[in-house]
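The block underneath contains the structure these notes are about, expressed in structure tokens.
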Amino acid sequence: MRRWFVSLTLGMLVGAISTLICLIMVHWLGTWLWAGVVGGLGLLVSCDIGLEHLKQRYQLTSAHAIFRLLNWA
């Protein structure tokens, strides 16, 4: 579970960062970067959906998943 939780969380971060960078750079580099915006949003949403399914499968909330990941509980 730890590997999936970390992978999906990192995927969400990468998706959010790439979306923001592409949105900013569209102004200077042209409209072809809209594909990067759509790709980043797709990664963000798909990782979010996967993370929610993972939490439902193990019947955890976000806080419980983080605590288990860090071995606090």
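Values as computed for the structure displayed
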{"read-out": "Long-range neighbours under 7 Å by Cβ, at least six apart or interchain, first residue assigned to a helix (DSSP H, G or I) and among the acidic types (Asp, Glu) within segment 34-59, second surrounded by 16 or more Cβ atoms within 10 Å (Cβ to Cβ) and modelled with pLDDT of 90 or more", "value": "ASP48/MET12"}
{"read-out": "Filtered residues of segment 1-51 (kept if within 19 Å of PHE67 (Cα to Cα), surrounded by fewer than 17 Cβ atoms within 10 Å (Cβ to Cβ) and hydrophobic (A, V, I, L, M, F, W, C))", "value": "MET1, TRP4, VAL6, LEU10"}
{"read-out": "Selection count where residues are exposed (fewer than 13 other Cβ atoms within 10 Å of the Cβ) and touching a residue at least 60 places away in the same chain (Cβ under 8 Å), scope segment 60-73", "value": "0"}
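The values are calculated or read from the model by the stated rules, or taken from the named source; none is laboratory data. No experiment lies behind these values; they were computed from the predicted model shown. Glycine gets a Cβ as well: all are built from the backbone with ideal geometry, and neighbour counts include every protein chain shown.
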